[in-house]
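Q: This structure is in structure tokens; I'll ask about it shortly.
Every number here is computed from the coordinates shown, using simple stated rules; none is lab data. All of these numbers come straight from a predicted model, not from anything done at the bench. Quick reminder, even Gly has a Cβ in these numbers, built from the backbone with ideal geometry, and neighbours come from all protein chains shown.
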Amino acid sequence: MNVNYDATATVFNIQTYSIHDGPGIRTTVFLKGCPLRCLWCANPESNQAKPQLMTYSSKCTGCGTCVKVCPKGAISIGPYKSGSMEKYIAFTDREKCVNCGACVSVCPAEAREIAGKTMTVREVIDKVKKDKLFYDGSGGGMTVSGGEPLMQPEFTANLMAAAHEAGINTAIETSSFASKAAVDLVYPHVDLGLLDIKHMDNTTHEKLTGVPNTYILENIRHIAVDLKVPVIIRVATIPGYNDSPENLIATAKFAQTLGDNVLVNLLPAHKLGESKNESLGQENRCEINVPSDEYMQSLKKLVEDAGSPCKIGG
Ligand code: SF4
Ligand code: SF4
């Protein structure tokens, strides 16, 4: 493939020294845009493809500088209470906000930011290449995540190919909800697929994520069996939603159809998405109970007893 270094995508984070997104030390590139709407989404700032304003009430001093520059009159100062803390802060009318970023550049408290910016393959790979020594020493590399990286397949394919040109290992973290054409474009440049399964039952999957799992399971089989890309199955384990023995055993049995010793990763639920929802002016859509280590160990044993190797965490 002739790499197109000028291909662009909307990137919302480039995280260095990642140790949970594949083997070794990695740089994880997060792309915006996702076709799923999982109730427990940990990266809600990735949902929409466009850049979005995020605000941080704990940092805001209520100085009012942002009010004066907003071209849409979307910001007002008002009282705010959190626990024992009471103060005045800036509130943003999301119906009026056009995510222009004018308020971000004037805020002296860094209480506002725009999540997501357009970047070229060249800009991203130049950042990724800076830590190549760490990848080489640890068996790591670059992971492309999201959002859903298969929603921007040309960029993802070119970024992966650019990493290979630089001698960097590649992994993709994906829901696999994408066209077969997108899968076939990207996967020739992927060394490891970290493939999410939210739920094995189609009706429940649609209730929890907004989409059926049919294409997802077909794509996973295509990736592992037809394209022979090494894969790890990942389950973000959300108590009360997808942690039933029936679902985890069905996941383990499915993993066994993909090849020998396909690993199942159980990722414990966390609450990081909740504060992000507040920063985006959104409601949380489900109550997340963080599972204990002991409970996660019991789920691991369940998966192992069903015949699949299993690890807690990524
Ligand atoms: S991003 Fe632009 S439109 Fe939105 S609140 Fe800030 S200044 Fe106003
Ligand atoms: S968001 Fe920033 S500029 Fe606006 S009132 Fe708060 S501290 Fe001041």
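Q: Please determine, in degrees from 0 to 90 and to the nearest 10, the orientation of helix 245-256 with respect to the longest principal axis defined by the Cα atoms of the chain, where the helix direction is its Cα long axis.
A: 60
Q: How far is the Cα center of segment 195-233 from the Cα center of segment 2-57, in Å?
A: Cα centres, segment 195-233 to segment 2-57: 20 Å.
Q: Around L266, with a cut-off of 14 angstrom between Cβ atoms, what is the net charge of the other residues, counting Lys and Arg +1 and Asp and Glu -1?
A: -1
Q: Please list the non-local residues whose amide H lies under 5 Å from the amide H of T237, H modeled 1.01 Å from N, same-chain partners needing a gap of 5 or more.
A: Excluding prolines and chain starts, which carry no amide H, the hits are L267, A269.
Q: Just K253, K81, K50 to compare: in a GNM of the chain, with alpha carbon springs under 10 Å, which one fluctuates most?
A: K81
Q: I've got another one for you. Past the 19 Å Cα-Cα mark, which pairs from K32/K132; K130/K311; K59/K81; K253/K300; K180/K207?
A: Cα-Cα > 19 Å for K32/K132; K130/K311; K180/K207; rest within.
Q: Then there is this: For Cα pairs less than 8 Å apart in space and 6+ apart in sequence, what is the mean separation divided by the residue count of segment 118-214, i.e. the relative contact order in percent?
A: Relative contact order, segment 118-214: 24 percent.
Q: Quick one: among K72, K198, K228, which has the greatest mean-square fluctuation in a GNM of the chain with alpha-carbon springs under 10 angstrom?
A: K72
Q: Just to confirm a number: summing +1 for Lys and Arg and -1 for Asp and Glu over residues other than C103 whose beta-carbon lies under 11 angstrom from that of C103, what do you get?
A: +2
Q: Gaussian network model of the chain, Cα springs within a sub-10 Å range: biggest mean-square fluctuation belongs to which of P149, P108, P44?
A: P108
Q: Restricting to Cα pairs below 8 Å that are 6+ residues apart, what does the relative contact order work out to for segment 173-266? Please round to a whole percent. Before the final figure, lay out each step's value.
A: Working: 122 pairs, mean separation 29.5, N = 94.
After rounding, I find 31 percent.
Q: Next up: E148's amide H: which non-local residues (gap 5+, or another chain) put their own amide H closer than 5 Å, with H modeled 1.01 Å from N in plane and none for Pro or chain starts?
A: Residues meeting the amide H criterion: G33, C34.
Q: List the residues, sorted by chain then number, that are 5 or more residues from G141 or on another chain and whose placed amide H is less than 5 Å from its amide H.
A: I25, R26, T27
Q: A further question follows. Could you tell me the center-to-center distance, by alpha carbons, between segment 68-88 and segment 119-176 in angstrom?
A: For segment 68-88 versus segment 119-176, the Cα centre distance is 39 Å.
Q: Cross-link candidates for K117: which aspartates and glutamates have Cα within less than 18 Å, leaving aside residues fewer than 8 places away along the same chain?
A: Straight-line reach from K117, under 18 Å: D6, E45, D126, E148, E154.
Q: A follow-up question, please. Karplus couplings for segment 169-181 from phi (6.51 cos²θ - 1.76 cosθ + 1.60, θ = phi - 60°), rounded to Hz, Gly and Pro as x?
A: 5, 10, 9, 10, 10, 8, 7, 6, 8, 6, 6, 5, 4
Q: Pairs of Cα atoms under 8 Å, at least six residues apart: use those to get the relative contact order of the chain, whole percent.
A: Contact order relative to length: 19 percent.
Q: Straight-line reach only, C-alpha to C-alpha below 13 angstrom: list the aspartates and glutamates that K72 could link to, leaving out same-chain residues fewer than 8 apart.
A: Filter leaves D93, E95.
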